[in-house]
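Trainee: So that we are looking at the same thing, I have put the structure below in structure tokens.
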Amino acid sequence: QVQLVESGGGLVQPGGSLRLSCTASASISGIYGMGWFRQGPGQQRELVATSTNRGTTNYADSVKGRFTISRDNAGNAVYLQMNSLKPEDTAVYYCATKQTPFREYSTWGQGTQVTVSS
């Protein structure tokens, strides 16, 4: 089972940018879905963005136009470029894998904290 490690979180001012990375312990080229999720203080975990190995992407309405997901199958990594950050983006961000279109996200990283504050 692949293991995932997120990095790139930190403290950023509103309007700033961060790039999160999720590095897998094995090839992700055969994994159908790679996703970024987040969980803010006192909130449920929510989907942020997903990328399939068929080249499709999907975004939560709250991040469309500001966040971009990309995956490097050769490099075993998936990234989340976050621009125009807002205080409400503050959360722990997790990456996860989905083996097939018909299964749930089942493998999760440990998360990386993103704090947007002045």
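The values are calculated or read from the model by the stated rules, or taken from the named source; none is laboratory data. Everything numeric here is computed off the predicted structure, so don't read it as measured data. Methodologically, a virtual Cβ is constructed for each residue, glycine included, from the backbone with ideal geometry; neighbour enumeration extends over all protein chains shown. Ligands, DNA and RNA are stripped out before the accessible areas are found, and what is left, the full protein with its side chains, is counted by its heavy atoms. Shrake-Rupley method; radii C 1.70, N 1.55, O 1.52, S 1.80 Å.
Trainee: Under a 1.4 Å probe, what is the accessible area of the chain per residue, stated in Å²?
Mentor: 51
Trainee: Tally Lys and Arg at +1 and Asp and Glu at -1 over the other residues with C-beta under 14 Å from the C-beta of Gly9: what net charge comes out?
Mentor: With Lys, Arg at +1 and Asp, Glu at -1, the net is 0.
Trainee: May I ask for the net charge around Thr57, where only other residues with Cβ less than 13 Å from the Cβ of Thr57 are counted and Lys, Arg are +1 while Asp, Glu are -1?
Mentor: +3
Trainee: Report the far tail of the P(r) of the chain, meaning the percent of Cα-Cα pairs longer than 19 Å.
Mentor: Of all Cα-Cα distances in the chain, 40 percent exceed 19 Å.
Trainee: Let me ask another. If you filter the stretch 44-77 for trypsin sites (Lys or Arg not before Pro), then keep DSSP loop positions with at most 13 other Cβ within 10 Å, what is left?
Mentor: Arg54, Lys64
Trainee: Considering only protein heavy atoms and a 1.4 Å probe, what is the carbon-and-sulfur percentage of the accessible area of the stretch 53-118?
Mentor: Carbon-and-sulfur percentage of accessible area, whole number: 44.
Trainee: Still on this structure: Using alpha carbons only, how many angstrom separate the centre of the stretch 6-27 from the centre of the stretch 97-115?
Mentor: 15
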